[in-house]
Amino acid sequence: MSHKILRGAIGDARALFEIPPDVTYLNAAFVAPIPAAIRAAGEAGVRVKSTPWQLTRASFYADVERARQAAAGLIGAEARDIAIVGSASYGIATAGLNLPLERGARVLVIEGEHASASYEWRRLAEEQGALVDVVPRPGNGDWTTAILERVDAPGEPPIGIAALTPVHWTEGGHIDLERIASALRRQGAALVVDGTQGVGLLTLDVRTLQPDFLVFPTYKWLLGPYGLGFLYVAPKHQDGRPLEQHGWSRRGADDPSTVYNGDLAFMDGARRFDIGERSNFVSLPMALAAIELVDGWGLSAIAVHVKALTDRIVAGVADLGVDVPPSAFRSPHILGLRFPGGQATGLVDRLAAQGVFVSARRDIVRISPHVYNTAADADRFVAVLAETLRRA
């Protein structure tokens, strides 16, 4: 099945997925469904593993390098700057292992950040005698200003590392990383970006942001498999220490004539940071096909599509007593709603019982549409929500 799409034309993307007509799935920020073509790529990979006598040394490198190149293209990087990792937390841990942190310096994080993007920094700060500076949730929803105020807070120790994201994962608050990155560079602070909820829809260009590390998995906005991600490593860190030691990324290992363990030097660029079993014959072809599909639509076209849906939902819930983030500070693809009484979990369960799937994150009901969603999905969510609240 072909997965080539005309750039900028979302069209009837739902037809590419196997979502039943009675299911309204507005939960891509949790786990996105995979299109039928991506599933077919995984099934083809299973068949490869079923006939291992056909594998060669080259089999362990071809898709690896194609996927590396495709991932690099999403963020304006070069293939040599990309490592293949198993998760966002693996990439964050790699960053933590390779960034210096002086005693007394600050590690800047935001309140309510995901565990995979925050636990490493608490560990590192404790070990190095540094301080974890948590930016409180701003009452007006303006995360960018709140972060900038903490960056330049008078009388505070310098920032050693800022661990940030382009969008708050629970409420969808937009964070202007370009402005913040400029302020961090003035202090000589390192920037680590968790792109989990951004890459695949938002434009994150490493040439502009100049992060030290940026990591993103494929199972959310890239419509790919679980257990696979990509890590951008800035050139100045590419001689660093990997989490694992293995032979796949050693110089000459891709040459069929090379003897194993013949050279301890690493291949070019960020390849030294690859996970050991990166040559997954199932997940890599799936990720490659998924990236090509998303790139075929174009990130801006996807963003426009989902913003129309979140805006439609905001308009639809206007009379339901729901707290909605201000439009100036909202990301296009994640919408966090707060309800009187904070009954997010119970409300989400009641919606699911009626075939409408969203997430409960703390006291927030999180809605996150993707290309397979339509205006009818947005309208159904509003109607089912209104009826559920009325009955409650």
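Structure notes:
- From the list 196, 218, 203, 208, the lone residue that is outside the structural domain of residue 366 (by TED's automatic domain parsing), in contact with a helix residue (DSSP H, G or I) (Cβ under 9 Å, 6 or more places away or on another chain) and at pLDDT below 95 is 203.
- Residue count for region 37-61, restricted to those that are exposed (fewer than 14 other Cβ atoms within 10 Å of the Cβ) and of a type in the set (A, V, I, L, M): 3
- Here residue 186 passes the criteria (1) out of contact with any Pro (no Cβ under 8 Å at 6 or more places or on another chain); (2) at pLDDT 95 or above except the one numbered (2).
- Candidates 351, 347 - the one that is over 23 Å from residue 228 (Cβ atoms), aliphatic (A, V, I, L, M) and in contact with a strand residue (DSSP E or B) (Cβ under 7 Å, 6 or more places away or on another chain): 347
- Among helices (runs of 4 or more DSSP H) entirely within region 1-109, having at least 1 residues that are over 30 Å from residue 233 (Cα atoms) singles out 36-50.
- Residue-level analysis places residue 294 outside the set of residues that are under 30 Å from residue 386 (Cα atoms), out of contact with any Lys or Arg (no Cβ under 7 Å at 6 or more places or on another chain) and of a type in the set (A, V, I, L, M, F, W, C).
- One residue from 255, 194 being of a type in the set (D, E, K, R) and either in contact with a Phe, Trp or Tyr (Cβ under 7 Å, 6 or more places away or on another chain) or surrounded by fewer than 24 Cβ atoms within 10 Å (Cβ to Cβ) (or both): 255
- Single residue of 338, 361, 312 found to be surrounded by fewer than 20 Cβ atoms within 10 Å (Cβ to Cβ) and at pLDDT below 95: 338
- Yes/no for residue 379 being in the same structural domain as residue 325 (by TED's automatic domain parsing) and either at positive phi or touching a residue at least 24 places away in the same chain (Cβ under 8 Å) (or both): yes
- Test: residue 191 is in a strand (DSSP E or B) and within 21 Å of residue 268 (Cβ to Cβ): no
- Single residue of 371, 384, 348 found to be hydrophobic (A, V, I, L, M, F, W, C), within 22 Å of residue 303 (Cα to Cα) and not assigned by TED's automatic domain parsing to the domain that holds residue 203: 371
- Taking the conditions (1) modelled with pLDDT of 95 or more; (2) part of a helix (DSSP H, G or I); (3) out of contact with any strand residue (DSSP E or B) (no Cβ under 6 Å at 6 or more places or on another chain) in turn, residue 116 satisfies each one other than (1).
The values are calculated or read from the model by the stated rules, or taken from the named source; none is laboratory data. Fair warning: this is a prediction, and the values are worked out from it, not measured in the lab. We place every Cβ from the backbone using ideal geometry, glycine too, and count neighbours over all the protein chains shown.
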